[in-house]
Amino acid sequence: MRRAFLAALIALPSAAIAELRPQTVLPPPLPWSGPSERLVAAADDPWITPAERAGFATTPSYAETRAWLERLVAASPLLTLESFGRSGEGRDLLMVRARKGTAPRPVVLVQAGIHAGEIDGKDAGLMLLRDIALRGKDDLLDRVELVFVPIYNPDGHERASPWNFLALRGPAEKGTVGNARGINLNRDYAKADAPETRAMIALLRRLDPILYVDCHVSDGFDMGYDITFTYAGWGRYARHRTIADWLETRFDHAVTAALAQAGHHPIRYPSPIDTRAPTHGIRWSPEGPRYSTGYGDFIGVPTVLVENHMLKPYRQRVLGTYVLLEAALDVAARDAARIAAAKAADRAARPDTLLTRWQPAATPIGWVEDFRGVAFDWYRSPATGRSEQRWLGRPVTWRMPIIGQEPTETVRLPRAWWIPPGQAEVIDRLRLHGIRYETVAAPAAMPLDRVTLVDPVLLPPTDGRVPVAARFAHATVRETMPAGSLRVPVDQPLGLLAAALLEPESQDSFLAWGLLPEAMAKPQGTEAFVLAPLAEAMLAADPALRATFAARIAAEPAFAADPAARLAWFAGHLPGRDTGLYPIRRRVSRPSARR
Ligand SMILES: [Zn+2]
């Protein structure tokens, strides 16, 4: 009896369920053909890629991909295959360098499979590398070097199953979202926990690319577009304006034109407000540095998020990705000097505020007049007991509002942050990101902004961390930072990234990601026969404390009835207990103008 109950609780899938073919429930595909189909190699071509040979029904494993690339690299003096790190399970993080000659050229960095099941970029990249190396497209390398990461998340890639990424129309088996620990690498750029992230951040610093392309496949609703892409803070929300302007004008125009010419249907990625009511609109929003695109925006590297539409067949998605990557290489080569100037301008900027909170704006900030939608109706689902959407595969036109954001919290940046020498996890990540700091040799006394957490709560665990939410109280206190403390100045090219990591209000701060759990620790108490008379003495000595305590007793019956909580409250008010204290200090005051 008990064993049967436990079995039902664990709900292992039956053999009958394992026999189901999940792709059969997908909505009907929209018919498509286009000039990009000519990119597919002939069946007897000795350099046909594994996906082409399979008619794009399957995608090669890590070992098959590596073997195919090793063969290609051996056949071309333009290509080398290197490892830029190791995954959590010890697989090489592979990258192909495609370049002419030995003179350094600006780098275009392309990564596939950060979400390992969204693997279109890998099979497109293999085809493009073949055509660069052996089929006459080597002029793409005349002015830039291509660095291609075929499988950024190899451990997730090897966990392939037809039961991953159920909404994606192919390939037959797909990897997982997260890495071997279930960490979503596209939430990890700021906190940098995963070995894959740490290797990629090091690679970004080493190459400092003029363009960084991150290939995904979207969620969302059905629509007439197949290849979509976007950048951090499209429209008005970018943290660095000059690079965003290049992306929104030059890159967007070149890539959109190339895709349209090749028969594809591109659009800026339409992030849905409500997939069950698509005409409620699409969202434009600021981004934090947890994402590839947000990280690129914060560090001053033009970064593009490609989001192929999930319901388009794998073959169509791969071909569109090929066209996008080729056009991206071409426009980056033509604009290399312009991009370098934009990067320099953004890295010289010294913003003095950081937007930390926002909410949807009440009125649309624009409209897409002729959005290519797909018709749907509703049916009663016995599984959910409500009406569910059924996409009909028939094109319709929608008028779509663009929902923007309005700021609700902006913090003014300090002159510097002070980090105590014991904060190893924080210091390690500052070093990894390349944020500049100095270590002080002697104790340093100065007025500092001390931040206290107000009503902190632990959020559900995600991506290998237990995130924290809190409000914050700020107070200026004269303090002495010990020798060995780090001073992180805001006045540096990565000052805004430092702010996003160190300002407690930031949604991607180390605190918010749970790297500073000591800020949540309960104060150290002692035996009640000591603490109780001490508390009585505190009440007698301090009328303000007495009033605060009385108010809390009156307002919170549960607290009043809980002797341990009452004692803990007094313990938290003992000198030196620092309850809820944010361990990093902010140096706010401006330097004196006269010197
Ligand atoms: Zn993705």
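The values are calculated or read from the model by the stated rules, or taken from the named source; none is laboratory data. Computed from a predicted structure; not experimentally measured. Virtual Cβ from ideal backbone geometry, glycine too; neighbours counted across all protein chains shown.
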Could you tell me which numbered condition ALA4 fails, if it satisfies all but one of (1) on the phi < 0 side of the Ramachandran plot; (2) modelled with pLDDT of 95 or more; (3) of a type in the set (Gly, Ala, Ser)?
(2)
Can you report the number of residues in region 409-465 which are in a loop (DSSP other than H, G, I, E, B) and hydroxyl-bearing (Ser, Thr, Tyr)?
1
Within 13 Å of PRO154 (Cα to Cα) and not in a helix (DSSP H, G or I): is that true of GLY90 in this structure?
yes
Which number in (1) away from the ligand (no atom under 16 Å from the Cβ); (2) over 21 Å from the mean Cα position of the chain (by Cα); (3) not small (Gly, Ala, Ser) marks the one condition that PHE84 misses?
(2)
The number of residues in region 183-214 that are more than 16 Å from the ligand (Cβ to nearest atom) and in a helix (DSSP H, G or I) is 10
Residue among ALA180, ALA172, ALA167 that alone is part of a loop (DSSP other than H, G, I, E, B) and within 16 Å of the ligand (Cβ to nearest atom)
ALA167
Qualifying residue in region 225-244 (condition: part of a helix (DSSP H, G or I), in contact (Cβ under 8 Å) with a residue 60 or more places away in the chain, surrounded by fewer than 19 Cβ atoms within 10 Å (Cβ to Cβ) and away from the ligand (no atom under 16 Å from the Cβ)):
yes
Which number in (1) basic (Lys, Arg); (2) modelled with pLDDT of 95 or more; (3) closer than 30 Å to VAL440 by Cα marks the one condition that ARG594 misses?
(2)
Tell me the strands (runs of 3 or more DSSP E) entirely within region 352-408 that contain at least 3 residues that are acidic (Asp, Glu) and either in contact (Cβ under 8 Å) with a residue 12 or more places away in the chain or touching a Lys or Arg at 6+ places or on another chain (Cβ under 8 Å) (or both).
366-380
Residue that is surrounded by the fewest Cβ atoms within 10 Å (Cβ to Cβ), among those in region 124-150 that are within 19 Å of GLU196 (Cβ to Cβ) and out of contact with any Phe, Trp or Tyr (no Cβ under 6 Å at 6 or more places or on another chain):
VAL147
Report whether or not VAL217 is of a type outside the set (Lys, Arg), away from the ligand (no atom under 13 Å from the Cβ) and crowded, with 20+ Cβ neighbours inside 10 Å.
no
Test for GLY156: is it free of Cβ contacts under 8 Å to residues at least 60 places away in the same chain, more than 16 Å from the ligand (Cβ to nearest atom) and farther than 16 Å from MET95 by Cα:
no
Options GLY576, GLY572; residue that is at pLDDT below 95, out of contact with any strand residue (DSSP E or B) (no Cβ under 9 Å at 6 or more places or on another chain) and on the phi > 0 side of the Ramachandran plot
GLY576
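Condition check ((1) surrounded by 20 or more Cβ atoms within 10 Å (Cβ to Cβ); (2) among the β-branched types (Val, Ile, Thr); (3) closer than 24 Å to MET200 by Cβ) across all residues:
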site: PHE251; (1), (2), (3): yes, no, yes
site: VAL255; (1), (2), (3): yes, yes, yes
site: ALA260; (1), (2), (3): no, no, no
site: ARG268; (1), (2), (3): yes, no, no
site: ILE273; (1), (2), (3): no, yes, no
site: THR279; (1), (2), (3): no, yes, no
site: TRP284; (1), (2), (3): yes, no, no
site: GLY288; (1), (2), (3): yes, no, yes
site: TYR291; (1), (2), (3): yes, no, yes
Of all residues in region 127-147 being touching a strand residue (DSSP E or B) at 6+ places or on another chain (Cβ under 9 Å) and in a helix (DSSP H, G or I), which is farthest from the ligand (Cβ to nearest atom)?
ASP138
Of the numbered conditions (1) under 30 Å from PHE376 (Cα atoms); (2) more than 16 Å from the ligand (Cβ to nearest atom); (3) among the hydroxyl-bearing types (Ser, Thr, Tyr), THR321 satisfies every one except a single condition; which is it?
(2)
If you check TRP284 against the conditions, is it touching a residue at least 60 places away in the same chain (Cβ under 8 Å) and more than 16 Å from the ligand (Cβ to nearest atom)?
yes
Consider LEU78 carefully, then state whether it is touching a residue at least 24 places away in the same chain (Cβ under 8 Å), closer than 30 Å to ARG159 by Cβ and touching a Leu at 6+ places or on another chain (Cβ under 8 Å).
no
Among residues belonging to region 94-118 that are more than 23 Å from THR58 (Cβ to Cβ), part of a strand (DSSP E or B) and not small (Gly, Ala, Ser), point out the one that is nearest to the ligand (Cβ to nearest atom).
LEU109
Those residues of region 347-375 which are within 19 Å of THR410 (Cβ to Cβ) and of a type outside the set (A, V, I, L, M) amount to ARG350, PRO351, ASP352, THR353, THR356, ARG357, TRP358, GLN359, PRO360
Residue in region 341-349 that is outside any helix (DSSP H, G or I) and touching a residue at least 40 places away in the same chain (Cβ under 8 Å) present:
yes
Residue check: is LEU94 surrounded by 14 or more Cβ atoms within 10 Å (Cβ to Cβ) and out of contact with any Pro (no Cβ under 9 Å at 6 or more places or on another chain)?
no
